[in-house]
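Bear in mind these aren't lab numbers, they're just calculated from the coordinates by the rules spelled out. Everything quoted here is computed from the prediction, not taken from an experiment. As a convention, Cβ positions derive from the backbone with ideal geometry for all residues, glycine included, and neighbour counts pool all protein chains shown.
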Amino acid sequence: MSPVLQQSQIIAAVKDKAALSAACRLSLPAAFLLFGNITDLSKNVRVLKENGKNVFVHIDLIDGLRPDWEGIRYVAERVGADGVLSTKPAAVKQAREFGLKTVFRIFMIDASAFDTGVQAVKTCGPDAVEVMPGLVYDVITELAKSIRMPIIAGGMVKTAKQAGQALTSGAQAVSTSSADIWRLFP
């Protein structure tokens, strides 16, 4: 896994201003920024970085920002994020060209999504893969056998037990918006 992501088994999934403040008060080293718009993006990234976080911007979710060449260039050159996450293989490839760390997010809804996801991972070569929902433990185990990239379990992880099961299944980290879990895994 990227050294930026290796520092913790829990990644703060920051989905609103309250979560941004909560994440800043804890010692977690990484955050996925999942909200905002192009006008407040730099400020939100700066606040997280000033509080010791490596910040990954979910480029698909920021209002006014597109997961295309210019949007990624903006994040790389103007925003100061450490990396991006996206569901789009082309965005991941382009972000790598700008020297950003990358996380490719896959929604595992059926067997076809698994096969398509594995192919996309091989095509775009991310630093890590986030599997959604993070509660598909058997899928995490199977995916770990199919790809070489580290796996992050994300989405629907609401308890420490679920986080532990995801980690036991083969995920190297868990991204969650649950501040209760953030506090349990410093």
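Across the range 65-149, the mean sequence separation of Cα contacts (distance under 8 Å, 6 or more residues apart), normalised by length, yields a relative contact order of 24 percent. Percent of C-alpha pairs per 10 Å bin in the range 1-116, short distances first: 15, 47, 32, 7, 0.
If only the Cβ of Lys and Arg carry +1 and only the Cβ of Asp and Glu carry -1, the dipole of the chain around its Cα centre is close to 400 debye. Let me check I've understood the local charge: for Lys145, count other residues with C-beta under 15 angstrom from its C-beta, Lys and Arg +1, Asp and Glu -1. What total comes out? So the surrounding residues net to -1. The stretch between Ser42 and Leu184, if pulled fully straight at 0.36 nm per residue, gains 48.2 nm over its current Cα-Cα span. The simple Förster model, with R0 at 30 Å and r as the Cβ-Cβ distance, assigns Arg148 and Trp69 a FRET efficiency of 0.65. The length gained on full extension between Arg78 and Glu97, counted as 0.36 nm times the residue separation minus their Cα-Cα distance, comes to 5.3 nm.
Other residues lying with their Cβ under 13 Å from the Cβ of Arg105 contribute a combined charge of -2, Lys and Arg counting +1, Asp and Glu -1.
List the pairs from Lys15/Lys101; Lys43/Lys122; Lys49/Lys93; Lys53/Lys93; Lys17/Lys101 whose alpha-carbon separation is above 32 Å, in the order I gave them. Those over the limit are Lys43/Lys122. Here r is the Cβ-Cβ distance between Ser27 and Thr116 and R0 is 35 Å; the resulting FRET efficiency, rounded to 0.05, is 0.40.
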